[in-house]
């Protein structure tokens, strides 16, 4: 049993409207020190496997095929 | 200038329909080793402040007031 955590973030060159909205909301609540917000996804996967090397490859494939849109998003993952 | 990363996850006792959907999609793509998926949010905040202790308090307040719904979500944050 392995646990993988996947972080999916919007590429720096791509506009993040959700982040802009969150920043606007924080400003209007008085948190004026917030200069920039980027919103991404955080996934925890529980994997029924003990083979770490294989799991790493499989998680990479999941990210490429489903979890991230690699045109506009970056991803990184960790096995714990 | 400090950077804060905030992780917002759905509480273990709360159903995560998005995670169930992602798991179903992964299964149908042949990733049958995926036993459980939980989907959360990942935020990067850029803060215009140098006071670490104050920033920590402020980020906590942002989480409590806006970024997380503490009834159904947990949050944690790091300053980097």
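Among the criteria (1) more than 11 Å from chain A (Cβ to nearest Cβ); (2) touching a residue at least 12 places away in the same chain (Cβ under 8 Å); (3) surrounded by fewer than 15 Cβ atoms within 10 Å (Cβ to Cβ), the one residue B:68 does not fulfil is (3).
For region A:39-54, a residue qualifies if it is within 12 Å of residue B:35 (Cβ to Cβ) and surrounded by 17 or more Cβ atoms within 10 Å (Cβ to Cβ), and the qualifying residues are A:44, A:45, A:47.
Considering region B:1-22, the residues that are free of Cβ contacts under 8 Å to residues at least 24 places away in the same chain and more than 9 Å from chain A (Cβ to nearest Cβ) include one that is surrounded by the most Cβ atoms within 10 Å (Cβ to Cβ), namely B:16. Conditions: (1) more than 8 Å from chain B (Cβ to nearest Cβ); (2) touching a helix residue (DSSP H, G or I) at 6+ places or on another chain (Cβ under 7 Å); (3) under 12 Å from residue B:44 (Cα atoms). Residue A:39 meets all but one. Number of the miss? Looking at each condition in turn, residue A:39 falls short on (1).
Looking at this structure, is residue A:77 surrounded by 15 or more Cβ atoms within 10 Å (Cβ to Cβ) and in contact with a helix residue (DSSP H, G or I) (Cβ under 8 Å, 6 or more places away or on another chain)?
Yes, satisfied.
The residues listed here are A:61, A:25; of these, the one that is surrounded by 13 or more Cβ atoms within 10 Å (Cβ to Cβ) and touching a helix residue (DSSP H, G or I) at 6+ places or on another chain (Cβ under 8 Å) is A:25.
State the number of residues belonging to region B:36-62 that are in contact (Cβ under 8 Å) with a residue 12 or more places away in the chain and more than 20 Å from the chain's Cα centre (by Cα).
Residues meeting the conditions: 4.
Return yes or no: is residue B:11 at pLDDT 95 or above, within 28 Å of residue A:58 (Cβ to Cβ) and in contact with a helix residue (DSSP H, G or I) (Cβ under 9 Å, 6 or more places away or on another chain)? No; evaluated as a whole, the condition is false for this residue. When you go through B:47, B:26, B:2, B:67 one by one, which is the residue that is closer than 16 Å to residue A:67 by Cα and in contact with a strand residue (DSSP E or B) (Cβ under 7 Å, 6 or more places away or on another chain)? From the options B:47, B:26, B:2, B:67, the qualifying one is B:26.
The values are calculated or read from the model by the stated rules, or taken from the named source; none is laboratory data. Everything numeric here is computed off the predicted structure, so don't read it as measured data. Using ideal geometry, Cβ is built from the backbone for each residue, glycine included, and neighbour counts are taken over all protein chains shown.
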